[in-house]
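Have a look at the structure below before the remarks.
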Amino acid sequence: MIAADATPAVNPCTVAPPVLQVQNLTVAYGHGPGRVIAVRDVSLTIRAGERRGVVGESGSGKTSLARAIPGLLSRGGRVVAGRVLVASRDLRDLSPRANALLRRSAVSVIFQDPLNALDPVRSIRSQVSEAIRLRRPGARRQSRRRMRADVEALLEECEIRDAARVMGQYPHELSGGMRQRVAIAMAVAGDCTLIIADEPTTALDVATQAEILQMLRRVIADRSSAIMFITHNLAVVSQFCDTVSVMYAGRVVEEGPCAEVVRDPLHPYSQGLIAAIPSLTGPRQELVGIPGEPPLLSEPESGCRFEPRCRVGHGVAICREQVPGLDPLPGRSGLRHVRCHLVDRASVGRAPAPAREA
Ligand SMILES: Nc1ncnc2c1ncn2[C@@H]1O[C@H](COP(=O)(O)OP(=O)(O)OP(=O)(O)O)[C@@H](O)[C@H]1O
Ligand code: SF4
Ligand SMILES: [Mg+2]
């Protein structure tokens, strides 16, 4: 489990300048009747130093959102509406060279499978050196000796034991956890303002996962980087993040301070996700999955996408016929937003959740 942080003196989620603004972003794959809308009209802002979790079931659009931000959508995927501002600059307004430079210096991506980031035929030293040259101003003019020392120090910072030996190895010679540490070292080689981590520890065993999350949290704090941390595991988010966006069928359905959302989820889908996390301190309860299946994202949207599975709104006319907006909640902190027509009914009679374990 990850150790809890001391409460920050100021809340970075309200006072710090934005490092990422996603505005009404829609991402699609393919064309014509089979076109899949993977991300639909998503807006979110991440501020300097903020740790934002993005959670949702498989297929909810997390990876499509993460890849659209730095322009790394897989084949067939494209942004069909909306825009992305990094450090308040619209990437589309920049020349290709300035765009690449800004993305390199400001945004780093860590994928679930570190082999995506690593070249199988180059040594770890060569690949980490290249990341340092790309991300640190002036590093191109460094001597070989100085670069070697920097690579070793960076690997040690990412808790790679025997870094001098590992530098001479190739990706296939390392364990999955070690490869992910190398990929993280490459992502944090500079002082990037935003790290996007897409399920960075999902493929690892629980003990390695906890160690790597703790290390990742330390290295991003040392650089004051913000992070968008994507996972299907709300328990991990609740321990790692300040704020959370819950995605369902390509839309954000709830967002707010992580502790508040986990303690008192207001959207019926978030309530279902949280009910599925084992309780740490409360009485033993049976874990409850969310019955039903997510919708086909190639089908048109005519109401709330969660309606067929919703314990509150199933069969209710407004839920079937009108797409709910992501609205702020009167009487709660201004950071809390929920996409639900019947949010008052959804929260009635629910006791706040007990502490959860990762
Ligand atoms: N390259 C692609 N071509 C066609 N459809 C795609 C492609 N990539 C993703 N999709 C579709 O887009 C939707 C969202 O997928 P995405 O991978 O973004 O979800 P996710 O939340 O990251 O899921 P997971 O938790 O399984 O990683 C899904 O319906 C998926 O099938
Ligand atoms: S809008 Fe209706 S169907 Fe959708 S989550 Fe809210 S209550 Fe459920
Ligand atoms: Mg994914």
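Some points to look at:
- Filtered by the rule that a residue be in a loop (DSSP other than H, G, I, E, B) and more than 18 Å from residue 252 (Cβ to Cβ), the range 314-324 gives 314, 315, 316.
- Scope the range 161-219; condition within 16 Å of ligand 1 (Cβ to nearest atom) and charged (D, E, K, R); matching residues: 198, 199
- Selection of helices (runs of 4 or more DSSP H) fully inside the range 123-182 by the criterion of at least 2 residues being closer than 29 Å to residue 102 by Cβ returns 124-135, 144-157.
- Hey, residue 25 in a helix (DSSP H, G or I), modelled with pLDDT of 95 or more and surrounded by 19 or more Cβ atoms within 10 Å (Cβ to Cβ) or not: no
- Criterion (surrounded by fewer than 17 Cβ atoms within 10 Å (Cβ to Cβ) and closer than 30 Å to residue 16 by Cα) met by exactly one of 221, 139, 187: 221
- Qualifying position, being over 22 Å from the mean Cα position of the chain (by Cα), at pLDDT 90 or above and either within 16 Å of ligand 1 (Cβ to nearest atom) or within 24 Å of residue 238 (Cα to Cα) (or both), among 321, 301, 286: 301
- First in the range 308-326 and touching a residue at least 12 places away in the same chain (Cβ under 8 Å), second anywhere and exposed (fewer than 15 other Cβ atoms within 10 Å of the Cβ) and of a type in the set (Lys, Arg), Cβ under 6 Å, 6 or more apart: 312/345
Residues checked against (1) crowded, with 17+ Cβ neighbours inside 10 Å; (2) touching a residue at least 60 places away in the same chain (Cβ under 8 Å); (3) out of contact with any Lys or Arg (no Cβ under 6 Å at 6 or more places or on another chain):
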| position | (1), (2), (3) |
| --- | --- |
| 192 | yes, yes, yes |
| 203 | no, yes, yes |
| 208 | yes, no, yes |
| 217 | yes, yes, yes |
| 242 | yes, yes, no |
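- Pick from the range 34-68, criterion part of a loop (DSSP other than H, G, I, E, B) and away from ligand 1 (no atom under 12 Å from the Cβ), ranking: surrounded by the fewest Cβ atoms within 10 Å (Cβ to Cβ): 48
- Scan of the range 325-347 for residues that are within 15 Å of ligand 2 (Cβ to nearest atom) and either outside any loop (DSSP other than H, G, I, E, B) or modelled with pLDDT under 90 (or both), ordered by number: 327, 329, 337, 338, 343, 344, 345, 346, 347
- Taken together, the residues in the range 252-272 that are out of contact with any Ser or Thr (no Cβ under 6 Å at 6 or more places or on another chain), under 25 Å from residue 293 (Cα atoms) and buried (at least 24 other Cβ atoms within 10 Å of the Cβ) amount to 7.
- Residue 56 vs. criteria within 16 Å of ligand 3 (Cβ to nearest atom), modelled with pLDDT under 95, more than 27 Å from residue 131 (Cα to Cα) and under 13 Å from the mean Cα position of the chain (by Cα): yes
The values are calculated or read from the model by the stated rules, or taken from the named source; none is laboratory data. Everything numeric here is computed off the predicted structure, so don't read it as measured data. Methodologically, a virtual Cβ is constructed for each residue, glycine included, from the backbone with ideal geometry; neighbour enumeration extends over all protein chains shown.
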